[in-house]
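Remarks on the structure that follows.
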Amino acid sequence: MRHHLILRVVSKLLIPFILLYALYVQFHGDYGPGGGFQAGVIFGAAFVLYALIYGVETAQKAFPASWLAILVPLGLLIFGGTGVASLLLGGTYLDYDVLAATPTGGQHLGIIVVEFGVGVTVTGVIIAIFFAYAGRTDDIQDDDW
Amino acid sequence: MGSGLVNVAVDISLMTLLAVTAIGIIRSRHLFATAMLSGIYSLISAALFVTLDAVDVAFTEAAVGAGISTVLMLGAMTLTRRSEKHAVKLHIGPILVCLAVGAALIYGTVEMPPFGSTEAAGFKHIVPEYIAGSRDDIQVPNIVTSILASYRGFDTLGETAVIFTAGIGVWFLIGRRRREDEEDEKKTETPGDRA
């Protein structure tokens, strides 16, 4: 989409705000709508938009495919690891009460960490699936549609 | 009373748009149009979820249904042909089954509690405990988050594992194929073998 000037300019302006909004949804999920899953999808969608406008090759320079092999399992490990941490601290699996000095503080900490894990995995999977599809086709010409 | 009328008008117009979009999806043979229409369908569904005060669900529907899955549909489409081969013939049997199931579902809604009723069975069992617990023990204003991440932590861990598995599966199935193809092309001298 090299010659779509409006799309290029508008998406370049929007992408930082989409990423920032994803972080807001991620870390504000306790208070407003949203959470790890939605944040991950929005974060991934920003990269998908970037790849659509500037091409998959350029997007893979910004987000190397090798990162995905780390990000995708890392999120699940953060989630599972939180459970193990609460086991080691004397609680039951995924019982956040024991993670901090007070049970309420522990719940807050546990929820934020766990949601972060969900967000990391979802971001990675969205981008991985998109790269997997997009990497198989050559650049699409406008008259192909 | 006035806001009630507005709600009904919004519901009716959104439902009408939803039905029109669905008919458009069925009638279109052009897969690009179908993919875009299903994105529109998701967006209208998201608006409906907002009117039902299910903002978290609306959020997900807008991001996943209207955003990502439309792009993935288009991506999958570039790997195949762009339009359906044959127009689907009208089959009487499946239509009758659909009508019967639809009628049964509508009949089932007759006995459902009214929308937002606190007497509904779903609000009787364990939900009061979750609401009180979110307020007093967890102290997280968004009850959806406290249920998903804390009360139903095991479910969410399982869901994350499902997403993880889906991503790994797609990546291994089609993610690395192209590089291997290129290597195959370098290795094999006779192009006829690859067909």
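Observations on the model:
- Candidates B:Val101, B:Val50, B:Val140: whichever shows maximal mean-square fluctuation once chain B is modelled as a Gaussian network with Cα springs under 10 Å: B:Val101
- Sequence ranges B:9-18, A:125-134, ranked by mean other-Cβ count within 10 angstrom, highest first: A:125-134, B:9-18
- Candidates per trypsin sites (Lys or Arg not before Pro) in the stretch A:1-98, loop by DSSP, up to 14 other Cβ within 10 Å: A:Arg2
- Euclidean distance between Cα centres, the stretch B:95-168 to the stretch A:1-59, Å: 29 Å
- Pairwise FRET efficiency - B:Ser69 versus A:Ala69, Cβ, R0 = 22 Å, nearest 0.05: 0.40
- Per-residue mean of foreign Cβ neighbours for B:59-72 is 5 (Cβ atoms of other chains, 10 Å radius).
- In degrees, nearest ten, helix B:177-187 long axis to first principal axis of chain B (Cα): 10 degrees
- Relative to the longest principal axis of the Cα atoms of chain B, helix B:92-109 runs at roughly 30 degrees.
- Value of [θ]222 nm, deg cm²/dmol, for chain A, DSSP H segments ≥ 4, -39500 (n - 2.57) each, nearest 500: -25000 deg cm²/dmol
- Calculated log₁₀ intensity ratio I(q)/I(0) where the Debye formula runs over C-alpha points of the protein assembly as shown, q = 0.11, 0.15 Å⁻¹: -0.93, -1.38
- Helix-derived mean residue ellipticity, 222 nm - over chain B, DSSP H n ≥ 4, -39500 (n - 2.57), to 500: -20000 deg cm²/dmol
The numbers here are math on the coordinates, done by the rules we state, and not lab data. Note that this is a predicted model, so its numbers are computed, not measured. Cβ atoms come from the backbone with ideal geometry, glycine included; neighbour counts cover every protein chain shown.
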